[in-house]
Amino acid sequence: MKYYRTHVLVCVDPECLAKGAHEVMDSLQDELVAQGLINEVQVLETSRIGSCHIGPEIMVYPEGVHYVGLSTDDIPYLVEEHFLKGRVAKKFLEPEVEAKDEELSAPTSKEVRVVLRNCGKIDPENIEDYIAEDGYEALAKVLTSMAPEQVINEVLASGLRGRGGAGFPAGKKWQFARAPKADQKFIICNADEGDPGAFMNRRVLEGDPHAVIEGMIIAAYAIGANHGYIYCRAEYPVAVKMLNIAIKQARAYGMLGENILGSGFSFDLEVRMGAGAFVCGEETALMASIEGKRGEPRPRPPFPAISGLWGKPTNVNNVETYANVAQIILKGAAWYASMGTEKSKGTKTFALAGDVNHTGLIEVPLGINMREVIYDVAQGIKDGKKLKAVQIGGPMGGCLPEAFLDRPIDYESLAAAGTIMGSGGLVVMDEDTCMVDIARFFMEFIQDESCGKCTPCRVGTRRMLEILQRICNGDGRDGDIETLEMLCKYIKTTSLCGLGQGAPNPVESTLKHFRHEYEAHIYEKRCPAKVCRGLIRYEIVDACTGCTVCARNCPVGAISGERRKQHVIDVNTCIRCGICMQVCNFNAIEVH
Amino acid sequence: MLNMLENVPKTDPLAFPEQKAVIDRILEENRDLPGSVMVILNELQSNIGFISPTMQAYVSKQMHVPLQQIHGVVSFYSFFTTQSRGKHTVKFCMGTACYVGGAQQLIEKAKQVLGVDPGQTTKDGMATVEVCRCVGACSQAPVVVVDEDLHGRVRPTKLPQILRKAQQ
């Protein structure tokens, strides 16, 4: 075997080839021969090195230098500089990528930022930054010039509804909690944002914790509470850290503790952490968890406003609800109510994820339609594909087909369409998504997170999951759809808490809007989106160049073949994970 | 269960004076907090790494809370573990966005690289593989979290490089 001092890898994936990778390679060889270096430098082909959008690109080892955007004209200079003189040719280095916020970019024209107004703009670790943005001004106004009833009326008039999902009017909730006489009352902020696909609350807690704290203090004043808890999920360590810093600073500035701003009103706050139980987002389960117990929900009534944490009247709202409060007090209920629809006022944050060009956080006025969100704000579907469904409302929400894109997004319209607003996760799915598989995914999640206290949810979701798994494996039977529909109905009507009552939603909505996919799985043994493993197989076609990338990446060694010859997949060993298709640079793997 | 504290296993954290001191400190600091059990267990989990049956018995005795209640809480929440884990943890996010983005394929690839299924620890005790529910980084799906570091938009081909950190 021959030894070389340097190896040059040239990317020959289709994108780079199209930009002339082979020409660059040939000219590199020629130049190395001309300079008498060909015995020291080896030139090899390789698959994708970097992003390829500024190809052709090469990698030089052992230095590990990555050159991009080369043309044949550049080669003599490059060879002289790098291979002869040993200097890095800076002008071909990959340009440094400008740091950008992947979650929260500048607002688009359709957006209105109320809750997210300070996120990414102020330093969350410095209370003075928040104060400079009118922070704690609302609190001062409330404590010096408003009676608790006035505060509640203002929130009522604004039309603010609970942003945790159910959409109960926040002002009503406060009214209920204000009514009972008690020596102690509690305020709780539900920061247990467990819905997969949702991260708006995390961003608010991390980027603008004082807005949530200020909202909570105002709520405490309105209902007459003197202690509060923020229940944050353990998956958000940064949020917990920011909250603790913010609480400490708020105390130091006299916004928390005894005699706030000299008004005689006292209130203090602490953060409690969850431990990875989804059901703790349900308010009664959340309170059980704060009390140090298993996070199991209990029947209501009594509602928390009458008997909540440790049996005391308690008001529970979510992060986004509290974050709206200070702005409503400052700018007035009429301003807030001017946004949104008749019954759903204000703005709502959404976490956009899935197959759209622009993922991340957005905040839009309620009543906007889904088409505007997906095609204007999120800039459309990735890779020019077709939209299949929008999943809204988390695991207790539902999937909406394209026909619903022109309906407004508000609490009532979504409920009519068979889903819920939820906390605001929006996962957009393109035509390559199998709706039966998605229903199975959500049922698996819910079945796993069911606390087990009540039978319909514990046993019912498991039965549903078993049926869905069978359908996805290609063993669906006649009658499965009807059994699923029956189970949906029973679980919905007899479960104890929101988790069980919402559990059938993903199945119900997909059955309603994508019934044909279920039928294709059961009666034709076919997965239209080519996802369900029991119903598909992978095949390597003529386009294969024998680059061995697929064989090297196959987790079970099911692909064989000689270098530079077409490879073959052993159907019996193949587990249909699809990794080969994803890594293939020549589109030589097809799924049937 | 009652005499568990008389025969503390040699490998239990309670058998090591340093770790016992940490446990005692956590108990002392949070003893009077309302709803202290959750806080104490959360602290134990993050400081010691797991909550062994003996530790549960110890907490029960010190806090005057029935052992079954402590065990009930420990077994309810997925963050609490009763066995020691690998030096590193590799978490695969299984939120909706990550699932749609191909998390399943990453888990299969990890199985090939590390030789273990989710929930297991590698033979050399280096890495524990876990599947978790939504870490809230959906705009970067699919996501893999190695110890504290979050890796976004992970492709199966890039995974071995990411996992290398968890193998040493």
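All of the numbers you see were taken from the coordinates with simple rules; none came from a lab. The model shown is predicted, which means the values in this text are computed figures rather than measured ones. We place every Cβ from the backbone using ideal geometry, glycine too, and count neighbours over all the protein chains shown.
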- Once the dipole of chain A is set up with Lys and Arg at +1 and Asp and Glu at -1 on Cβ about the Cα centre, which of A:10, A:445, A:381 lies farthest towards its positive end? A:445
- Which distance in nm do the two modelled labels at residue A:4 and residue A:156 give, with both placed 7 Å along the Cα-to-Cβ direction? 8.0
- Can you find, among A:130, A:140, A:221, the residue farthest towards the positive end of the dipole of segment A:104-237? Put +1 on the C-beta of Lys and Arg, -1 on that of Asp and Glu. A:221
- Query: Karplus couplings for segment B:123-136 from phi (6.51 cos²θ - 1.76 cosθ + 1.60, θ = phi - 60°), rounded to Hz, Gly and Pro as x?
  - Reply: 4, 7, x, 7, 9, 10, 9, 9, 10, 10, 8, 5, 8, x
- Per-selection metrics, segment A:228-313 (Cα): Rg and Dmax in Å: 14.8, 41
- Using the Karplus equation 6.51 cos²θ - 1.76 cosθ + 1.60 (θ = phi - 60°), what ³J(HN,Hα) coupling, rounded to whole Hz, does each residue of segment A:233-242 give in order, writing x for Gly and Pro? 6, 5, 6, 10, x, 5, 4, 4, 4, 4
- Nearest-0.05 FRET efficiency for residue B:148 and residue B:124, computed from C-beta distance (R0 22 Å): 0.55
- Message: Need one number: % antiparallel among DSSP beta bridges in the protein assembly as shown, to the nearest 5.
- Response: 55
- Query: Rounded to the nearest 0.05, what FRET efficiency do residue A:183 and residue A:268 have when you use their Cβ-Cβ distance and R0 = 22 Å?
  - Reply: 0.85
- Query: How high is the relative contact order of segment A:6-92, in percent, counting Cα pairs under 8 Å that sit 6 or more residues apart?
  - Reply: 36
- What FRET efficiency would be calculated for the residue pair residue A:519, residue A:462, taking the C-beta separation as r and a Förster radius of 25 Å, to the nearest 0.05? 0.55
- Item | Segment residue A:91-residue A:259, length gained on full extension (0.36 nm per residue, minus Cα span) | 54.2 nm
- Message: For a test of the definition: using alpha carbon positions, the gyration tensor, and the 1.5 limit on a/c, classify segment A:6-92 as rounded, prolate or oblate.
- Response: prolate
- At 20 °C in a medium of viscosity 1.002 mPa s, segment B:70-138 has a Stokes-Einstein diffusion coefficient, with Rh taken as the Kirkwood radius over alpha carbon pairs, in µm² per second, of 164
- Note on the structure: Treating only Lys and Arg (+1) and Asp and Glu (-1) as charged, each at its beta carbon, one finds that segment A:483-592 has a dipole about its Cα centre, in Debye to the nearest 20, of 160
- Normalised contact order of chain A, rounded percent, pairs of Cα under 8 Å and 6 or more residues apart: 11
- Note on the structure: Between residue A:199 and residues 5 or more places away or on another chain, the pairs with built amide H atoms under 5 Å apart involve A:351
- Message: Taking the number of other C-beta atoms within 10 Å as the exposure measure, put A:322, A:67 in order starting with the fewest.
- Response: A:67, A:322
- Task: Please give every one of the lysines within straight-line cross-link reach of residue B:158, meaning a C-alpha to C-alpha distance under 18 Å, and leave out same-chain neighbours fewer than 8 residues apart.
- Result: B:91, B:109, B:111
- If you place +1 on the Cβ of every Lys and Arg, -1 on the Cβ of every Asp and Glu, and leave all else neutral, what size is the dipole of segment A:537-591 about its Cα centre, to the nearest 20 Debye? 160
- Message: I need the fraction of alpha carbon pairs in segment A:240-370 separated by more than 24 Å, rounded to a whole percent.
- Response: 53
- Task: Could you pull out which residues in segment A:35-77 have an amide N less than 11 Å from a spot 7 Å beyond the Cα of residue B:155, following the Cα-Cβ vector?
- Result: A:47-53
- Taking all pairs of different Cα atoms in chain B, averaging 1/r and flipping that mean, what Kirkwood radius in angstroms comes out? 17.5
- Pairs to check: A:293/B:87; A:185/A:331; A:312/A:343; A:345/A:512; B:123/B:165. Give those whose C-alpha atoms are more than 21 Å from each other in this structure. A:293/B:87; A:185/A:331; A:312/A:343; A:345/A:512
- Task: Only Cα pairs under 8 Å and at least 6 apart count here; give the relative contact order of segment A:347-430 as a rounded whole percent.
- Result: 37
- Message: Using the Karplus curve 6.51 cos²θ - 1.76 cosθ + 1.60 with θ = phi - 60°, what ³J(HN,Hα) values do you get for each residue of segment A:112-125, in whole Hz, with x for Gly and Pro?
- Response: 10, 9, 10, 6, 8, 4, 9, 5, x, 9, 10, 7, x, 8
- Item | Student exercise, chain A dipole from Lys, Arg, Asp, Glu Cβ charges, in Debye to nearest 20 | 2140
- Note on the structure: Rounded to the nearest Å, the spacing of the alpha-carbon centers of segment A:24-90 and segment A:304-337 is 63
- Query: Just from its helices, what would the mean residue ellipticity at 222 nm be for chain A, if runs of 4 or more DSSP H residues each count -39500 (n - 2.57) and the sum is divided by every residue, rounded to the nearest 500 deg cm²/dmol?
  - Reply: -10000 deg cm²/dmol
- Query: Mind listing the Cα extents of segment A:435-523 along all three principal axes, in Å, largest one first?
  - Reply: 36, 20, 19
- Item | Two-decimal Rg to Rh for chain A - Kirkwood Rh, Cα set | 1.06
- Note on the structure: Expressed in nanometres to one decimal, the distance between label points 7 Å along Cα→Cβ at residue B:33 and residue A:39 is 7.2
- Task: Please work out the Cα center distance from segment B:78-122 to segment A:240-281, rounded to the nearest Å.
- Result: 34
- Query: How many angstrom lie between the C-alpha centres of segment B:8-67 and segment A:509-575?
  - Reply: 50
- Message: In chain A, if the dipole is taken from +1 on Lys/Arg beta carbons and -1 on Asp/Glu beta carbons about the Cα centre, which of A:309, A:346, A:422 is farthest to the positive end?
- Response: A:309
- Note on the structure: A convex hull over the alpha carbons of segment A:339-409 yields, per residue, a volume in Å³ of 88
- Which order do the peptides A:139-148, A:285-294, A:346-355 take when ranked by the mean count of other beta-carbon atoms within 10 Å per residue, highest first? A:346-355, A:285-294, A:139-148
- Task: Express in nm, to one decimal, how much length is gained between residue A:475 and residue A:238 on full extension, taking 0.36 nm for each residue of separation and deducting their alpha carbon distance.
- Result: 80.8 nm
